[in-house]
1. Sort 71-81, 32-42 by packing, meaning the average of other beta carbons within 10 Å per residue, with the highest value first.
2. Which distance in Å, rounded to a whole number, links the C-alpha centroids of region 1-40 and region 48-93?
3. Just grab the label-to-label distance for Ser71 and Gln1, each label 7 Å out from Cα along the Cβ direction, in nm (one decimal).
4. What are the lysines whose alpha-carbon lies under 19 Å from the alpha-carbon of Lys57, with same-chain residues fewer than 8 places away excluded?
5. What's the Kirkwood radius of the chain in Å, using all Cα pairs?
6. Mind listing the long-range amide H neighbours of Lys87? Cut-off is under 5 Å, sequence gap 5 or more, other chains count too, H placed in the peptide plane at 1.01 Å from N.
7. Probe radius 1.4 Å, ligands and nucleic acids ignored: give me the carbon and sulfur share of the accessible area of the chain as a rounded percent.
8. Could you give the size of the charge dipole of region 59-124 about its Cα centre, using +1 on the Cβ of each K and R and -1 on the Cβ of each D and E, expressed in debye and rounded to the nearest 20?
Amino acid sequence: QVQLEESGGGLVQAGGSLELSCAASGRTVATYAMGWFRQAPGQEREYVGHIYASGDKVSYGTSVGGRATISRDNSKNTMYLKMHSLKPEDTATYYCAAHLGAFGSPRGSEYMYWGQGTQVTVSS
């Protein structure tokens, strides 16, 4: 069993930046691809991006492309999301998730483990 815990959310001004962390516990996630998703009130869950288990490939969703960087430190069992040039439309609850495969997917339904989420609010 894997437990995931996001941290680093909060209130950020438009144009600012943030860094979120996703710490895994229970077992190593070094063999799992990891992903970031977000969900704004009244909207469907949105793919932010994901990183291969090896960390050598990352994919991003179109809404954050060019503004986001996903990385991981398997020695710390932790994944990170950095975003810059934040916009009010980035306001959402951000979730990290673990995929049982090494390559992951943009589809949230394929992820086995999820964190509780961390709120990010971008003020204009």
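The values are calculated or read from the model by the stated rules, or taken from the named source; none is laboratory data. The shown structure was predicted, so the numbers you read here are calculated from the model rather than taken from an experiment. Every residue, glycine as well, gets a Cβ built from its backbone with ideal geometry; the counts of neighbours run over all protein chains shown. In case anyone asks, the SASA skips ligands and DNA or RNA and just uses the protein heavy atoms, side chains included. Shrake-Rupley method; radii C 1.70, N 1.55, O 1.52, S 1.80 Å.
1. The peptides rank, most packed first, as 32-42, 71-81.
2. 9 Å
3. My value for the distance between the label points is 3.3 nm.
4. Cα-Cα hits under 19 Å: Lys76, Lys82.
5. In the chain this quantity evaluates to 14.1 Å.
6. When sequence neighbours closer than 5 places are left aside, the close amide H contacts are Gly15.
7. On the way: 2940 of 6170 Å².
Answer for the chain is 48 percent, counting heavy atoms of protein chains only.
8. 120 debye
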